[in-house]
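I have placed the structure first, in the form of structure tokens, so that the comments after it can refer back to it.
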Amino acid sequence: MSEPAWLAELNPQQRAAATHGDGPLLIIAGAGTGKTKTLAARVVCLLQRGVPADRILLLTFTRRAAQEMIRRTQAYPSASRSENAIHLNHGTELQSAPATCHAPSIWGGTFHAIANRLLRQYGRAVRLAPEFSVWDQTDAEDALNLLRQELGLHSREKRFPKKGTCLDIYSRCVNSRRPLASVLKRDFPWCVECEDGLKRLFAAYTEFKERQQALDYDDLLLFWLALMKTPDAGARIAERFDHILVDEYQDTNKLQGEILLRLAGKKRNVTVCGDDAQSIYGFRAATVRNILDFPKQFPGAAIITLEQNYRSVQPILDAANAVMGYARQRFTKNLWSNRRSDQRPALVHCLDEAQQCRFVCRQVLEHLEAGVPLRKQAVLVRTAHWSDMLEVELARRNIPFRKFGGLRFLEAAHVKDLLALLRILQNPRDEVSWCRVLHLLPGIGPAASKNILRHLAENGYRVADLNRCSVPSAARPAFEKLCLLLDELAGSRGELAWPSIVGNRDPGRSRPDVGPSSDADDPHRTGIPAQIARIREFYDPLFRDIYDHAEARARDLEQLEQIAATFGSCEEFLSELTLDPPSATSDWSGEPRKDEDWLTLSTIHSAKGCEWDAVMIIHATDGIIPSDLATGDRYEIEEERRLLYVAMTRARNWLYVCFPLRYYATKNELGDRHAFAQLTRFIPPEIRGKFEQWKLTMPQPSSDDAVAIMQQTDARAEIRAQWT
DNA sequence: TGTAACTCCCCTCCG
DNA sequence: GGGAGTTACA
């Protein structure tokens with residue numbers, strides 16, 4: 001049989017991976033080695049071999065990655081002609097395939113999104129109602145905080161860890177599958193003394209979530225694994241997939257590894273793909289052991305290594321390889337490229353942050369003039385706020401940009417408030433959301449809300465009974481408005497939308513296997529935008545009282561309403577928003593239009609899997625990369641090194657690593673006017689020869705400059721204010 | 001008893 | 001800026 005033309009486009013290793021038959025396959029793919037292309041080609045090969053699309057499961061790290069993969073498969077001519085037309089069957093199907101399209105679709109999405117979907121279908125097997133809520137990090141923290149106070153853990157003489165730390169500890173236990181004592185000893189040694197309290201707290205937390213039918217991110221995985229362990233549902237799920245492909249396997253954790261093992265079942269048709277040098281999610285308990293131990297977990301696995309880089313010019317690879325050359329633990333893999341260039345990447349010494357901003361702007365515009373559109377350029381930062389000053393400068397010069405990563409839309413208080421109102425409509429047992437909503441009302445604090453919650457619990461969460469509850473007289477008017485609102489939205493049944501818990505619904509009526517819910521009697525099927533509009537009527541006067549910058553917030557709420565309009569049901573909207581939040585609205589210079597060209601600002605984490613012609617890494621300063629907060633042990637430092645490696649290997653043709661020599665002191669640091677800084681330790685003097693050294697000269701400091709710097713510092717405060 | 005106003009910290013990456 | 005804890009007032 002002669003080889004199709006498109007297969008000939010792949011290099012021998014890529015082709016071997018794409019055409020691999022049945023059985024486990026491990027693809028070690030360095031940065032820019034055409035990993036996505038290879039996986040996409042493999043999907044096409046599977047389809048051509050007659051594997052039905054809906055029996056293929058594609059697990060990716062972000063949903064964007066899943067969509068990209070499917071887009072690539074469609075690019076193969078033979079694939080689009082195939083009977084198995086390819087569509088992505090999202091983990092939770094937001095817009096999903098058009099209604100007219102009945103072709104089976106590939107299952108694709110993140111572990112969390114697929115877990116969400118499977119649990120809504122099969123969750124009963126693990127005593128989970130299909131209406132469960134999904135909590136994001138802040139919801140989980142709020143719940144922990146509530147319980148921490150209830151258990152009296154906050155007022156101990158010895159300081160008890162804060163809610164964020166509690167959640168980190170809990171999450172690490174779950175994801176690394178290690179007992180609390182061991183996690184405390186190794187990762188949180190300063191909390192060892194609180195082990196008993198934490199144990200009680202976590203037990204209460206687990207019980208609390210169960211009562212409210214709520215799952216946090218970790219639970220999605222935990223319940224998925226539990227589901228796989230049930231003899232009936234587990235076997236059915238394993239049976240329904242013939243081939244499983246996992247991207248970015250180096251960033252999965254032990255729990256996900258166990259899920260995969262069970263998902264693979266006896267067929268063992270598992271393809272995993274990853275690069276240990278790009279493992280940057282250790283803080284989420286990801287472990288490279290998954291990829292290293294794959295051959296042990298799946299004996300007889302084929303292993304294919306992709307080393308030819310198609311992305312970057314050789315000098316950029318040389319520099320990146322040099323950085324990784326110092327890694328303590330490394331699985332040798334030297335990327336090489338056919339793409340020659342005379343130009344080494346630049347190491348840009350800036351005098352201060354302001355000069356760094358000017359340099360970036362100038363360089364971006366120079367590339368633009370030379371024919372590199374803004375879309376093909378990016379500025380990468382370690383953490384989101386390090387681009388604040390640059391954002392001001394970009395706006396001043398009318399350079400459009402979009403920002404990825406960092407403070408998210410959903411974390412803004414006003415957005416959370418509105419969602420909490422929707423949540424209690426979807427799942428009235430959600431006490432965390434109730435608390436949030438009740439606290440909005442003037443005159444209601446912890447005591448009154450506790451009382452109301454007790455009333456609700458005693459009355460089966462019926463909203464019709466809510467206004468019989470006694471509240472402080474000062475709170476009465478606002479409280480009655482809330483009752484009226486919920487009453488209206490709950491409809492004529494006099495109860496909130498989903499009062500049922502496990503077993504309360506008609507057991508014979510399970511959700512359809514594929515496609516969005518088509519329940520005709522679902523009261524939320526059509527009305528979410530209308531619901532949000534009604535909620536906003538109630539909420540508008542409240543938030544204008546509570547928060548500043550009402551107009552900026554109102555715009556966010558409008559945006560939320562628009563997003564909601566694209567969803568079929570409240571449940572989809574809420575879980576989708578939690579699992580795949582919009583990247584941000586922080587581009588306060590205004591959302592650029594689709595057809596416009598814009599520069600990308602991104603955290604390095606969010607840049608994973610992306611590439612640009614020109615990449616500028618700013619604040620490559622020791623203390624920022626590696627972060628001062630992440631230098632606890634050598635594992636953390638190694639992860640920071642890989643982070644720099646990931647950032648550098650995003651660049652195709654031009655790479656600039658910039659760092660300011662001094663930082664100006666902030667207002668509260670009295671005394672010193674500025675602090676001196678050093679280049680990141682990951683680029684030691686011995687390897688600086690891999691870079692061109694650009695030492696920017698500064699005009700003589702004048703009082704004008706000082707004023708300009710002060711103004712920029714003020715402008716940074718302005719940006720923060722946008723988010724208050 | 002419970003809420004509102006005040007002060008003192010600290011601030012990472014993401015599903 | 002915002003969370004956590006403390007104090008002042010209804």
Legend entry - Order of A:Arg328, A:Arg339, A:Arg382, A:Arg688 - criterion: other Cβ atoms within 10 Å of each residue's Cβ, fewest first: A:Arg328, A:Arg688, A:Arg339, A:Arg382
Legend entry - Hits among lysines - C-alpha to C-alpha of A:Lys185 under 27 Å, sequence gap 8 or more where chains match: A:Lys158, A:Lys162, A:Lys163, A:Lys199, A:Lys209, A:Lys254
Legend entry - Under Karplus coefficients 6.51, -1.76 and 1.60, residue-wise ³J(HN,Hα) of segment A:304-315 in Hz, glycine/proline x: 10, 10, 9, 10, 7, 8, 9, 9, 9, 6, 4, x
Legend entry - Calculated from backbone phi, Karplus (6.51, -1.76, 1.60) coupling profile of segment A:546-560 in Hz, x at Gly/Pro: 7, 10, 7, 6, 4, 5, 4, 5, 4, 5, 4, 5, 4, 4, 4
Legend entry - Amide H within-cut-off set for A:Thr305, under 5 Å, with H built and near neighbours excluded: A:Ile28
Legend entry - Spacing of the two label points (7 Å from each Cα toward its C-beta) at A:Lys267 and A:Arg396, in nm: 5.9
Inset, instruction - Just rank A:Ser473, A:Ser569, fewest to most, by other beta-carbon atoms within 10 angstrom. - result: A:Ser473, A:Ser569
Inset, instruction - List every residue whose amide H lies under 5 Å from the amide H of A:Leu245, counting only residues 5 or more places away in sequence or on a different chain, with H placed 1.01 Å from N in the peptide plane. - result: A:Leu57, A:Leu58, A:Leu59, A:Thr271
Legend entry - Label-point separation, A:Ile637 to A:Lys481 (7 Å along Cα→Cβ), nm: 5.7
Inset, instruction - Scan around A:Trp336 for amide H atoms under 5 Å from its own, H built in the peptide plane at 1.01 Å from N, and keep only partners 5 or more places away or cross-chain. - result: A:Asn309
Legend entry - Unit charges at the beta carbon, dipole of segment A:241-288: most positive-side option, A:Leu255, A:Thr287, A:Ala277: A:Leu255
Inset, instruction - Calculate the dipole size of segment A:269-426 relative to its Cα centre from +1 charges on Lys and Arg beta carbons and -1 charges on Asp and Glu beta carbons; express the result in debye to the nearest 20. - result: 260
Inset, instruction - Could you tell me the distance between the Cα centroids of segment A:344-382 and segment A:115-161, to the nearest Å? - result: 44
Inset, instruction - Report the GluC sites (Glu not before Pro) located in segment A:156-256 that are in a DSSP loop and have at most 14 other Cβ atoms inside 10 Å of their Cβ, or state none. - result: A:Glu157
Legend entry - Difference of contour (0.36 nm per residue) and Cα-Cα distance, A:His455 to A:Arg289: 54.8 nm
Inset, instruction - Subtract the Cα-Cα distance of A:Glu150 and A:Ala565 from 0.36 nm times their separation in residues, and report this length gain in nm to one decimal. - result: 145.5 nm
Inset, instruction - Please turn the phi angles of segment A:350-359 into ³J(HN,Hα) values with the Karplus equation 6.51 cos²θ - 1.76 cosθ + 1.60 (θ = phi - 60°), one per residue in order, whole Hz, x for glycine and proline. - result: 10, 6, 7, 4, 4, 5, 4, 4, 5, 4
Inset, instruction - Sort the following peptides by mean Cβ neighbour count (other Cβ atoms within 10 Å, averaged over residues), highest first: A:306-313, A:227-234. - result: A:306-313, A:227-234
Inset, instruction - Report relative contact order for segment A:213-338 in percent, whole number only (criteria: Cα-Cα under 8 Å, sequence separation at least 6). - result: 22
Inset, instruction - Order by neighbour count: A:His367, A:His549, A:His619, fewest other Cβ atoms within 10 Å first, most last. - result: A:His549, A:His367, A:His619
Inset, instruction - Could you name the lysines whose alpha carbon sits less than 20 Å from that of A:Lys267, not counting residues in the same chain fewer than 8 places away? - result: A:Lys229, A:Lys296
Inset, instruction - Could I have the simple spin-label model distance between A:Arg555 and A:Ala181, label points 7 Å from Cα toward Cβ, reported in nm to one decimal? - result: 5.5
Inset, instruction - Return the whole-Å distance between the Cα centroid of segment A:252-320 and the Cα centroid of segment A:1-63. - result: 15
Legend entry - Chain lengthening between A:Ile546 and A:Arg236 when straightened (0.36 nm per residue, less Cα-Cα): 106.5 nm
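Only the coordinates and a few stated rules stand behind these numbers; no lab work does. As the structure is a prediction and not an experimental result, all values here were calculated from the model. Reconstructed Cβ throughout: ideal geometry from the backbone, glycine too, with neighbour counts over all protein chains shown.
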